[in-house]
Amino acid sequence: MDLDHRGLEPPLPMVRTLEALERLAPGATLVVHNDRVPAYLLPHLDARGVTYEIEALDDGSVRLTLRTPLAP
């Protein structure tokens, strides 16, 4: 699943990302495009066990690849 949050004002990108993560299966991947690194989102991801990679893009935006934890 891909989400494009470029151009949205905070806190919408964070809220939409967290909502999307809730709908994903364990071990699924979510790709999110943001205008900037979502600093306030990162602690929420850590608390949920979501792993992530952040890639800076040439246009100044970022792409986050999020992976939900596997079911126990």
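At a glance:
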{"quantity": "Selected residue (criterion: farthest from Pro69 (Cα to Cα)) from residues of the stretch 5-56 that are among the hydrophobic types (A, V, I, L, M, F, W, C) and touching a Phe, Trp or Tyr at 6+ places or on another chain (Cβ under 8 Å)", "calculated": "Met14"}
{"quantity": "The stretch 51-72 residues that are modelled with pLDDT under 95, paired with ones that are surrounded by 15 or more Cβ atoms within 10 Å (Cβ to Cβ) and acidic (Asp, Glu) (beta carbon under 6 Å, 6 or more apart)", "calculated": "none"}
{"quantity": "Flag if Pro13 is assigned to a loop (DSSP other than H, G, I, E, B) and either aromatic (Phe, Trp, Tyr) or without any contact (Cβ under 8 Å) to a residue 60 or more places away in the chain (or both)", "calculated": "no"}
{"quantity": "Condition check for Ala56: over 17 Å from Asp2 (Cβ atoms) and in contact with a strand residue (DSSP E or B) (Cβ under 8 Å, 6 or more places away or on another chain)", "calculated": "yes"}
{"quantity": "Qualifying positions in the stretch 30-72 - in contact with a Gly (Cβ under 7 Å, 6 or more places away or on another chain) and of a type in the set (Val, Ile, Thr)", "calculated": "Thr68"}
{"quantity": "Tabulated pairs, the stretch 18-35, first part of a helix (DSSP H, G or I), second among the basic types (Lys, Arg), C-beta under 8 angstrom, 6+ apart or interchain", "calculated": "Leu21/Arg48"}
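The values are calculated or read from the model by the stated rules, or taken from the named source; none is laboratory data. This is a predicted model, so every value here is computed, not measured. Every residue, glycine among them, receives a Cβ derived from its backbone with ideal geometry; neighbour counts consider all protein chains shown.
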